[in-house]
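Structure record follows, encoded as structure tokens.
Each reported figure results from applying straightforward, stated rules to the coordinates on display, with no laboratory input. It should be emphasised that the depicted structure is a prediction, and the values quoted were computed from it without experimental measurement. Because the Cβ atoms are built from the backbone with ideal geometry, glycine has one as well, and the counts that use them run over all protein chains shown.
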Amino acid sequence: MNEQTSAIKQSYDEQDEEIDLLDLFGFYLSKLVWLIAALVIGAAIFGAYTWFLVPDRFTATSRMYMVSASSDSVLNLSDLNLGTSISNDYVELMKSRPVIEEVIEDLGLDYSYEQILGMISLSVVNNTRIVRIAVTSTDPEEAMSIANRVAIVSKEQLPKVMEAPSPTIAEYAILPTQKSGPSLKKNVAIGALIGLVIALVIFTIIYLMDDTIKTSEDVEKFFGAMPLAVIPEGEISSRTREDAGEAKAGNRQRSEGKGGKA
């Protein structure tokens, strides 16, 4: 008897670790209204936060060409190779404290070195000899001014440090007229997804913690034995109502019969 009980318990533990995906999916469908509500609420929260609390950002871009002729003659192969090799060096040195602090001083900005560095994005364009200077700020004029000043200061200072030819400013930044962020659609989609995921996690936990027996399959799963009989609840309720109706009709007929005899 103990061995049988132990076997049933072991079987229960093994089956308890398994999740019926179809049953879980059906449970999700039964909570579809709540899932849609979570999706809408998440989208609304993130949308409202983005619309009312996140300021618009603008990005201005200037570009520098890291090649200049070694003499008054046209460019030669060594000039091109030199420009290719020092492009990444320029990107790193343009982030240096002397360059950024001179930009702050020239423009009279009330920012620290770390704050300005966080506003600037420097990159080599598709492995070319062009360095892209992108500055993002809530003030479009400020973004343009910083992007142009970084290019000018870098052109003046870095050749002295690197003992290399001076680069060329290929493009000055212009005043941005369209915001670069935040993206309302993107944040709404992220909020909807987060709300849906949170709701799914909550309902999954509820599903896993529910150990009530609802069907004959649950009896077999938990106890390892099929039930001898299943009482159909719906049919019993229907049959009970029919019997009650017949009993009332019989009582009414008997009452009418007694009344006629009297």
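Computed quantities for the displayed model
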{"item": "Gained length - Ser123 relative to Trp34, 0.36 nm times residue gap less alpha-carbon distance", "result": "27.5 nm"}
{"item": "Pairwise label distance in nanometres, Ile206 with Asp110, each label 7 Å out on the Cα-Cβ vector", "result": "5.1"}
{"item": "Paramagnetic reach from Asp56 (point 7 Å along Cα→Cβ, amide N under 12 Å) across the range 132-168", "result": "138-141"}
{"item": "Label-point separation in nm, Val161 to Gln178, each point 7 Å along Cα→Cβ", "result": "3.5"}
